[in-house]
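Chemist: Have a look at this one.
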Ligand code: MG
């Protein structure tokens with residue numbers, strides 16, 4: 001008996017210190033405003049939970065100033081956008097037509113109603129560097145302020161949002177793997193300032209029947225600060241209702257990188273990618 005009591009705290013510490021533990025996901029249908037709504041819970045916390053008592057807001061940390069030297073494309077990287085008209089041709093609208101996003105001061109700016117844009121080429125496991133700035137004059141609140149997103153394989157969203165003095169459900173704030181995992185900390189810079197994401201992504205694999213065999217993994221560094229540490233993504237990041245996220249759906253081994261038009265003029269620049277081993 002004594003021995004068990006001694007071991008238990010150690011075992012607990014070991015378990016709580018790792019993301020390797022599969023999250024427990026449950027679903028139920030509840031009535032909300034007279035409608036039947038699917039509620040998904042990840043480790044007992046509702047998707048898009050806004051109550052800080054149930055889903056605490058990530059701690060705010062102040063990143064170091066932007067360092068241009070640290071953001072240069074390394075040898076072997078493919079430049080997807082460098083501010084030039086020529087690099088704009090690496091991107092199209094999702095229907096394959098030329099993108100209607102604007103080229104403004106060497107940045108690629110989301111245009112309301114223009115839709116998502118995506119790369120012409122396709123990528124699987126990769127390292128992606130991308131810079132973004134939310135509108136310098138903040139308008140709206142919550143999900144309505146500076147919303148965009150970076151999608152790996154056109155599927156898995158790393159949320160772009162103005163999360164500087166702007167709270168929302170933590171699994172939808174800047175740097176969140178949308179609806180699935182909040183960032184470890186809030187490393188956002190103020191609106192209008194350039195911010196960086198350095199994403200290391202390992203693609204998921206699927207079996208013949210379409211079931212996910214190996215889940216996707218994300219390491220994300222936001223403004224030089226680690227916000228996801230080799231995280232295994234529990235499922236899809238698509239909207240599946242106000243309290244649910246999509247599931248994995250089998251797709252090809254490669255897919256485009258895409259950027260979201262969510263109605264806010266978010267800017268992007270200095271985008272480069274490097275394939276990594278599966
Ligand atoms: Mg978004």
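Just so you know, all these numbers are worked out from the coordinates, no wet-lab data involved. Note that the coordinates shown come from a computational prediction; the quantities given were computed from them, not determined experimentally. Note: ideal-geometry Cβ built from the backbone for every residue, glycine included; neighbour counts use all protein chains shown.
Chemist: So, how do all the Cα-to-Cα distances of the stretch 109-254 break down into 5 Å bins, in percent, from 0 on up?
Modeler: The calculated distribution, bin by bin, is 2, 9, 19, 23, 21, 15, 7, 3, 1, 0.
Chemist: Of the residues 209, 133, 107, which exhibits the maximal mean-square fluctuation in a Gaussian network model of the chain defined by a 10 Å Cα contact cut-off?
Modeler: For the chain, modelled as a Gaussian network with Cα springs under 10 Å, the answer is 209.
Chemist: Something else: To one decimal place, what Kirkwood hydrodynamic radius in Å is obtained for the stretch 184-278 from all pairs of distinct Cα atoms? Write out the running numbers ahead of the final one.
Modeler: Values: mean 1/r = 0.0639 Å⁻¹.
Averaging 1/r across every pair of different Cα atoms and inverting gives 15.7 Å.
Chemist: Can you tell me which of 213-222, 50-59 comes out highest on packing, and rank the rest after it, using the mean Cβ neighbours within 10 Å?
Modeler: Values: 213-222: 18.9, 50-59: 12.6.
Answer by packing, highest mean first, reads 213-222, 50-59.
Chemist: No solvent, one uniform scatterer per C-alpha: report log10 I(q)/I(0) for the chain via the Debye equation at q = 0.07, 0.08, 0.09, 0.10 1/Å, two decimals.
Modeler: -0.26, -0.34, -0.43, -0.53
Chemist: Moving to a separate point now. Relative to the longest principal Cα axis of the chain, at what angle does helix 2-16 sit, 0 to 90 degrees, rounded to 10?
Modeler: 20
Chemist: Find the Rg to Rh ratio for the stretch 175-230, where Rh is the Kirkwood radius over alpha-carbon pairs and Rg uses the same atoms. Before the final figure, lay out each step's value.
Modeler: Values: Rg = 14.1 Å, Rh = 12.7 Å.
Looking at the stretch 175-230, the ratio lands at 1.11.
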